[in-house]
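In what follows, a single structure is set out as structure tokens and then discussed.
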């Protein structure tokens, strides 16, 4: 075996190259940035309460004489929850939360008439009372700034009926129902 004598140059630590130093600095900065953002949430999951996974939506009640409005509204809300939230709609009252409601008013109002008093534009108005509670019965959702009981939210929306565009009362009702469903699901977001 040939043993070479160690030179002082080989035993001395080599200086860190500029590229290696920059790589280490960037890795450290990335680690600090990720650690600093550990409490942040990303995606639509960040908009909604974290302790809820499932929502039970029983068929809404209705004070309206028009048939199937409550069923249409319940279906629209369930689809909107599945589409826009991280929650799963289930068919069991043992879910993490329960969203109940009641259609309180359903009116039709003529907005524009022609010279012969035929309606040219009609407005369909619907109002709904909504209540969202968790498994323990605690009220969920955003705090309200209007003077109604905290556990009850009253929402209303409209649909327009213009016969010249091929619309009917049914299409105007579905338009109002879709708007109400969007409004109800947006109330499920966590307050900022």
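Summary table below
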read-out: Under 16 Å from the residue 156 label point (7 Å along Cα→beta-carbon), backbone N, segment 106-122; value: 106-111
read-out: Separation in nanometres of the label points that stand 7 Å from Cα toward Cβ, at residue 117 and residue 17; value: 9.3
read-out: Between segment 160-184 and segment 43-108, the Cα center-to-center distance that results, in Å; value: 19
read-out: For segment 44-186, convex hull of alpha carbons as volume per residue, Å³; value: 127
read-out: Where labels lie 7 Å past Cα in the beta-carbon direction, separation of residue 24 and residue 108 in nm; value: 7.9
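Coordinate-derived values only; no laboratory data. Note that the structure is a prediction, hence the values are computed from the model and not measured. Positions of Cβ are generated from backbone atoms using ideal geometry, with glycine treated the same way; all protein chains shown enter the neighbour counts.
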